[in-house]
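Trainee: Here you go, one structure.
The values are calculated or read from the model by the stated rules, or taken from the named source; none is laboratory data. Computed from a predicted model, the values in this text were never measured in an experiment. Every residue, glycine among them, receives a Cβ derived from its backbone with ideal geometry; neighbour counts consider all protein chains shown.
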Amino acid sequence: HWTLLSVSLLNSLLSTACSVGLALAIALTIRSRGMHLVTGCNSSALPADARAAIATNDCPFNTTRIYDTALALWFPSMVLAAAEAVLSGRCCLVALIFRGIGPCARSYSKDQV
């Protein structure tokens, strides 16, 4: 029970931190219209909006789809990390019930689990 409690608590904290980090990255990317994604490119030919950026020789990657691809990958990752945090929290609660710790320890929920 202690292993389940410690692993689920650690996973819940890490998943929550990952969700918050991804939400912050999404917010900053949308706010800057994707220009922070192409900061490695020192070309003056890059427009103010990263969605309209072109691939240049000054940039180590193709900038044409970086904005849309980043957001398309970050949104589902944030949702899945949040779901993982919730499920890990529930596992932590079950471990607390099994150990007899917390408000639900002496109730019917222990027999139900």
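Trainee: On the basis of being at pLDDT 80 or above, out of contact with any Cys (no Cβ under 6 Å at 6 or more places or on another chain) and exposed (fewer than 12 other Cβ atoms within 10 Å of the Cβ), does P76 make the cut? First the steps, then the outcome.
Mentor: On the way: at pLDDT 80 or above: yes; out of contact with any Cys (no Cβ under 6 Å at 6 or more places or on another chain): yes; exposed (fewer than 12 other Cβ atoms within 10 Å of the Cβ): yes.
In short, yes.
Trainee: Could you tell me which numbered condition I66 fails, if it satisfies all but one of (1) surrounded by 14 or more Cβ atoms within 10 Å (Cβ to Cβ); (2) at pLDDT 85 or above?
Mentor: (2)
Trainee: Could you list, in sequence order, the residues of the range 19-37 that are without any contact (Cβ under 8 Å) to a residue 60 or more places away in the chain and among the hydroxyl-bearing types (S, T, Y)?
Mentor: Of everything in the range 19-37, those that are without any contact (Cβ under 8 Å) to a residue 60 or more places away in the chain and among the hydroxyl-bearing types (S, T, Y) turn out to be T29, S32.
Trainee: Pull up the range 22-31, narrow it to residues that are surrounded by 14 or more Cβ atoms within 10 Å (Cβ to Cβ) and more than 9 Å from A81 (Cβ to Cβ), then point me to the one that is farthest from the chain's Cα centre (by Cα).
Mentor: First pass over the range 22-31, keeping only residues surrounded by 14 or more Cβ atoms within 10 Å (Cβ to Cβ): 22-23, 25-26, 29.
Now restrict to residues that are more than 9 Å from A81 (Cβ to Cβ): 23, 25-26, 29.
On the way: A23: 7, A25: 9, I26: 10, T29: 14 Å.
The selected residue is T29.
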